[in-house]
Amino acid sequence: MLRLSLQLHKWIALVVAIQVLGWVAGGLIMTALPIERVRGENHIGAPALAPIDTKRLLSLERQLALADMTDVGEATLKNTPRGPIWVLKSAAGSEGWWNAYSGENVDEIDAAAARRYAQMAYKGDGKLLAVDYQENAPKEAQVSGPLWRASFSDREHTRLYLDAFTGEVLSRRSDLWAFYDFFYQIHIMNFGASRSYNHPLIVIAAAATLIVVVTGIVLLVLRLRGDLRRLWAALSETRSQATAIEEGPGA
C-alpha cells in the first residue's frame, strides 16, 4: 500500500506539477492586475450619439419590404456612430445593414470614417497611429470579421476593433490584455477561442491533481502511523527503564 501510493504520488505529481504552477501563476496575474485596465475601461471615450428620431424611423415592416426580405430570422435596431441602422439577419444566417431612416442598404465604412469613429470611442493621451482593414478578424478580437483595427500610441498600445458596417467598437485590446489573456488561457487550460472551462483537458488535470492530493494524504497517514508506533515503543521502553531504576537492584 505504501509503495503503490508512493509511486502514484510521485509520477502523477511530476505530470501535473507544471500545470499547477500555471494555475498558481495565472491566478496571481489575474488577481494582481486591475481588470478595468485589462479591459481598457480607462480608455473608453463617450461618443455623443444623436438620439434616434422616432418620427423619421422606418418601421420594421417597412424596412423588410424595402429590403425585400421574407425569411428574416432576426432584426436589430442599433444606434451607431453613423446613425440608426437596422441589422437584418435571414433565416439562413446572412446579414444586411440598412439605414433606419432612408431604408437604403449601407456599405462598409471607409478608412476616414474608421479613424473618426475610433477617436470618438477613445480617451487618453495616446495618438491614433493607424487604422487597417481586417477581412478576417484576428484571434485576439474574439469576434468575427470583417472589421477595422485602430492602433493607439499609449503605454498599453491600445487597439480598438470596429464593426466594418456600423463603426461600433466590438472589442478593446492592448498589450496588457494580451499578457493577461496568456496567463488566463494557461489557468483554464484552453487555448481556443471559446475560453470555456468545460473541456476534457482541465477535467483530466483536475482529476490527476485530486489523485496527487489523496495519495499524499495516504502517504502522510502511513508515515505518521509508523512514526507514532516508534514513538510509542520509545515511550514504553523509557517507562520500563524508569520502573527498573525505581525498584532498584534488590527488588
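What's the number of the only condition in (1) assigned to a loop (DSSP other than H, G, I, E, B); (2) free of Cβ contacts under 8 Å to residues at least 60 places away in the same chain; (3) open to solvent by less than 50 Å² (accessible area, probe 1.4 Å) that Glu108 fails to meet? Against the list (1) assigned to a loop (DSSP other than H, G, I, E, B); (2) free of Cβ contacts under 8 Å to residues at least 60 places away in the same chain; (3) open to solvent by less than 50 Å² (accessible area, probe 1.4 Å), Glu108 comes up short only on (3). Does segment 118-129 contain at least one residue that is closer than 16 Å to Thr166 by Cα, surrounded by 13 or more Cβ atoms within 10 Å (Cβ to Cβ), at pLDDT 90 or above and not aliphatic (A, V, I, L, M)? Yes - at least one qualifying residue is present in segment 118-129. Under the condition of being assigned to a helix (DSSP H, G or I), among the aliphatic types (A, V, I, L, M) and open to solvent by 70 Å² or more (accessible area, probe 1.4 Å), the residues counted in segment 33-64 number 0. Residues that are out of contact with any Gly (no Cβ under 7 Å at 6 or more places or on another chain) and crowded, with 17+ Cβ neighbours inside 10 Å within segment 79-95 comprise Gly83, Pro84, Ile85, Trp86, Val87, listed in sequence order. Can you say whether Thr70 is β-branched (Val, Ile, Thr) and under 24 Å from Gln119 (Cα atoms), as far as the supplied structure shows? Judged against the criteria, Thr70 is not a match. As a summary of the residue check, Val131 satisfies the conditions (1) hydrophobic (A, V, I, L, M, F, W, C); (2) touching a helix residue (DSSP H, G or I) at 6+ places or on another chain (Cβ under 6 Å); (3) in a helix (DSSP H, G or I) except for the one numbered (3). Among the residues of segment 144-171, those identified as open to solvent by 40 Å² or more (accessible area, probe 1.4 Å) and assigned to a strand (DSSP E or B) are Arg149, Val169, Leu170. Of all residues in segment 65-78, those that are open to solvent by less than 70 Å² (accessible area, probe 1.4 Å) and of a type in the set (Val, Ile, Thr) total 2. Cβ contacts < 8 Å: first residue more than 21 Å from Gly22 (Cβ to Cβ) and open to solvent by less than 80 Å² (accessible area, probe 1.4 Å), restricted to segment 199-224; second residue aliphatic (A, V, I, L, M) and not in a helix (DSSP H, G or I), any location; separation 6+ or different chain. Result? Pairs that qualify, where the first residue is more than 21 Å from Gly22 (Cβ to Cβ) and open to solvent by less than 80 Å² (accessible area, probe 1.4 Å) and the partner is aliphatic (A, V, I, L, M) and not in a helix (DSSP H, G or I), are Val218/Met1; Leu222/Met1. Going by the structure shown, is Asn136 open to solvent by 30 Å² or more (accessible area, probe 1.4 Å) and farther than 30 Å from Glu61 by Cα? Here the answer is yes, as Asn136 does meet what is asked. Among the criteria (1) modelled with pLDDT of 90 or more; (2) closer than 30 Å to Ala206 by Cα; (3) open to solvent by 50 Å² or more (accessible area, probe 1.4 Å), the one Ser102 does not fulfil is (2).
The values are calculated or read from the model by the stated rules, or taken from the named source; none is laboratory data. All values derive from a computational prediction rather than experimental measurement. All Cβ positions, glycine included, derive from the backbone under ideal geometry; neighbour counts span all protein chains shown. For the accessible areas, the whole protein counts, side chains as well, though only heavy atoms, and no ligand, DNA or RNA atoms are used. Shrake-Rupley method; radii C 1.70, N 1.55, O 1.52, S 1.80 Å.
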